[in-house]
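Written out below as structure tokens is the structure these notes cover.
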Amino acid sequence: MLSRSSFTSLVVGVFAVYVAHTCWVMYGIVYTRPCPAAADGAAGGCVWPYLALRPKLQLSVYTTTRSSIGAESNIDLVLNVEDFDIESKFERTVNVSVPKKTRNNGTLYAFIFLHHAGILPWNDGKQVHIVSPLTTYMVPKPEEINLLTGESATQQIEAEKQVNALDEPVSHWRSRLTLNVMVEDFVFDGSSLPADVHRYMKMVQLGKTVHYLPILFIDQLSNRVKDLMVINCSTTELPLTVSYDKISLGKLRFWIHMQDAVYSLQQFGFSEKDADEVKGIFVDTNLYFLALTFFVAAFHLLFDFLAFKNDISFWKKKRSMIGMSTKAVLWRCFSTVVIFLFLLDEQTSLLVLIPAGIGAVIELWKVKKALKMTIKWQGLRPKFQFGAYNDSEKKTEKYDAQAMKYLSYLLYPLCIGGAGYSLLNVKYKSWYSWLINSFVNGVYAFGFLFMLPQLFVNYKMKSVAHLPWKAFTYKAFNTFIDDIFAFIITMPTSHRLACFRDDVVFLVYLYQRWLYPVDKSRVNEYGESYEEKSKKKAKSS
């Protein structure tokens, strides 16, 4: 059976292999081996860029309700860029007519053609095109009202209110269309074309050489939830912002893989909003910061696992609550569950929601251990039994109760006042939403005050040896990592501020650890002292 240290070493080793493998895969994505014959000027086996011939091009964007077109009938030209320069970026906003079929929850498609100037796309044998839906389906955000007056935050038509009440997905308009063309004069090896780029390539034979036509790409990662607009029956025109920028081969291949990853997440059940949080990580940051984000996320995952492991190990072996604040454990459980329910009510990204849910389950288990609770079932009815505390534990409980008495004078009026103020001045979706928001605002704003009982117990006992320092250390690393993620992942502002609050709490614990040096005669977190362990070893030998 593996010891704790060897298991941790195994986990760290697997983590290191994972990071090294990911770096190798990323290198293979951003670096593409050119055709070796191209260096000698030979054409055999190479695929040459058609853009190197510098053709005169034109960009045309059409809309239609059909997913495929064969001629000019039943399509609308919404944008035409003559003398299209692939090196120059631009952004233009056009108004698009919304057909009746689209207004009735139908789909509208955009056909983007890159073709020779002066020739209609369907008459040009060397045109390239790509199709993208301009609509998507999503449940509208619930309407928020003042719970006392019933006043709406926004005035919506009755039909939209009925849709919201039924929680049915409706058609939304994608107001942005981001286009890219790969501009590098890169010569591919025909025998080893990258599979990711190959599906975007169209080949033509020019004499004895094979050329690939311009690679046209739609950046789906730029389609964010914040840019979506609800389409209702009265909508006849909607704005569409078409932006263009050139793209390198390495970034193109990376972006293709990222879009495929987001699509896979959606196939596994991620909603449009969850996928949008992942898109934001890629779109709103540059590539260097994105690489840093990957390593930060990997280490966050490692420290999360090690913190959970050591925290569970600590409480699994704990036999005594000497020096531990039961009130702090109960509060930590309550606050963790409330935060999880709040994030669930706010429809927060699964990247934040899943770790919060796991943490809530662990905190509930820790309360069972702290209260020495056992559950016995009498048929279908559970019976709870609580164990007795010894004299030392009762002394700790006395300090704990004393700290909570002083704390309640400050905490309860602040929480009740904050809940009343928000009820009068803030709009919510429901009474449940107000209740959860009131609880969580109290947790976020004054939650660190509930760490004071543990700090007070430490002060009275002049010891911190009873605390789970291994788990604390891993959680501290994650706290500082959370400070970085607070600016990357979309989350409620109160949750973001709570990340920085935790830094202060940990620094106070560090100060107490320095202030109260280790006493080898005092019991540790497992109810044992260093001297007792030495005596046991001497007897066994």
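The values are calculated or read from the model by the stated rules, or taken from the named source; none is laboratory data. Owing to the predicted nature of the structure, the values given are computational and were not obtained by experimental measurement. Please note: Cβ atoms are built from the backbone with ideal geometry, for glycine as well, and neighbour counts cover all protein chains shown. Only protein heavy atoms, including side chains, enter the accessible area calculation; ligands, DNA and RNA are left aside. Shrake-Rupley method; radii C 1.70, N 1.55, O 1.52, S 1.80 Å.
Using a cut-off of 25 Å between Cα atoms, the listed pairs 316/376; 56/246; 100/279; 101/126; 316/383; 309/398 include 100/279; 101/126; 309/398 as exceeding that distance.
For region 193-284, applying the loop criterion from DSSP together with a ceiling of 15 other beta carbons within 10 Å to the GluC sites (Glu not before Pro) yields no site. Between residue 392 and residue 236, the contour length at 0.36 nm per residue exceeds the Cα-Cα span by 48.6 nm. A 1.4 Å probe, protein heavy atoms only, puts the accessible area of residue 224 near 20 Å².
Annotation for residue 76 and residue 208: the two label points, set 7 Å from Cα along the Cα-Cβ direction, are 5.2 nm apart. Placing a pseudo-label 7 Å from each Cα along the Cα-to-Cβ vector at residue 8 and residue 246 gives an inter-label distance of 5.3 nm.
Note on region 384-442 and region 93-123: Cα centroid distance 57 Å, given to the nearest whole angstrom.
As a test of reading the structure, rank 186, 217, 334 by solvent-accessible area (1.4 Å probe, protein chains only), most first. Walk me through the numbers on the way to the answer.
Values: 186 30, 217 0, 334 85 Å².
Largest to smallest exposure gives the sequence 334, 186, 217.
Let's test the formula: R0 of 45 Å, r as the Cβ-Cβ distance of residue 227 and residue 508. What FRET efficiency results, to the nearest 0.05?
In this case the efficiency is close to 0.55.
Applying 1/(1 + (r/R0)^6) with r as the Cβ-Cβ distance of residue 288 and residue 191 and R0 = 30 angstrom yields a FRET efficiency of 0.35.
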